[in-house]
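Presented below is the structure to which this report refers.
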Amino acid sequence: MNTILRKSVLGIAGLAFTGGVFAGPVAAHAADTTHAAKPVSVSVQGDKLIPHGVQGNQSHIDLNDEQTKNVKAIIAATKKAGMDERAAVVSIATALQESKLENLGHLGDRNDHDSQGLFQQRPSSGWGTVEQITDPEYSTTAFLKGLKQVDGWQDMPLTKAAQTVQVSAYPDHYAQWEQQAADLVAEHWNK
């Protein structure tokens with residue numbers, strides 16, 4: 001076989017092997033997922049793009065006045081921290097999953113250890129005192145401080161960014177709230 005043809009065949013074989021190595025685990029992981037993937041869509045707000053609907057089926061709840069007040073508190077704390085709309089989307093989606101945007105106190109036997117507040121943060125894990133983590137501004141600021149420490153959080157799937165901060169037993173559940181969180185940020189960011 002001539003040298004040029006042999007190098008071409010070996011090059012194609014190498015690309016096929018490399019592609020298989022990289023695609024293999026992704027394909028295996030994709031088969032294990034329980035959520036149906038949806039196409040990516042974006043909501044344009046000013047000069048920002050807020051990705052949403054990226055991963056899994058989306059959930060939605062109707063908000064009462066308390067929950068809407070907590071959305072506004074999360075957005076205000078996000079702005080105060082100097083972070084953008086995407087940080088607010090991640091925060092609101094996280095709070096939707098953790099507490100349905102209700103500032104929960106100790107739930108007795110239904111409590112997950114000593115988790116409380118919008119983000120179900122735990123005093124025993126160093127998030128702050130009960131009084132602090134049940135304050136929406138403080139708990140959001142604490143969550144955002146953790147988010148800032150995640151390299152590349154702005155470009156990763158919402159559920160991965162939230163999970164890196166929260167360390168939940170159900171890491172994929174944050175994704176289901178991304179659409180509603182993005183819609184809430186679009187609705188309340190400039191109010």
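The values are calculated or read from the model by the stated rules, or taken from the named source; none is laboratory data. Please read all numbers here as calculations on a predicted model, not as lab measurements. Note: ideal-geometry Cβ built from the backbone for every residue, glycine included; neighbour counts use all protein chains shown. Heavy atoms of the whole protein, side chains included, go into the accessibility calculation; ligands, DNA and RNA do not. Shrake-Rupley method; radii C 1.70, N 1.55, O 1.52, S 1.80 Å.
Overview of values
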| read-out | value |
| --- | --- |
| Where a residue in the stretch 164-191 is open to solvent by 40 Å² or more (accessible area, probe 1.4 Å) and its partner, wherever it lies, is of a type in the set (Phe, Trp, Tyr), with Cβ under 8 Å and at least six apart | THR164/TRP153 |
| Close pairs (9 angstrom Cβ cut-off, 6 or more residues apart or separate chains): touching a residue at least 60 places away in the same chain (Cβ under 8 Å) in the stretch 115-136, among the β-branched types (Val, Ile, Thr) and open to solvent by less than 60 Å² (accessible area, probe 1.4 Å) anywhere | PRO136/ILE74 |
| Failed item, numbered, when VAL54 is tested on (1) of a type in the set (A, V, I, L, M); (2) farther than 18 Å from ASN190 by Cα; (3) outside any helix (DSSP H, G or I); (4) modelled with pLDDT of 95 or more | (4) |
| Failed item, numbered, when SER139 is tested on (1) out of contact with any strand residue (DSSP E or B) (no Cβ under 6 Å at 6 or more places or on another chain); (2) of a type in the set (Ser, Thr, Tyr); (3) open to solvent by less than 50 Å² (accessible area, probe 1.4 Å); (4) part of a helix (DSSP H, G or I) | (1) |
| Within the stretch 159-190, considering residues that are among the hydrophobic types (A, V, I, L, M, F, W, C) and outside any helix (DSSP H, G or I), the one nearest to GLY56 (Cα to Cα) | ALA169 |
| The stretch 142-158, residues that are in a helix (DSSP H, G or I) and open to solvent by 10 Å² or more (accessible area, probe 1.4 Å) | ALA142, LYS145, GLY146, LYS148, TRP153, GLN154, ASP155 |
| Selected residue (criterion: farthest from GLY146 (Cα to Cα)) from residues of the stretch 121-131 that are open to solvent by 30 Å² or more (accessible area, probe 1.4 Å) and assigned to a loop (DSSP other than H, G, I, E, B) | THR129 |
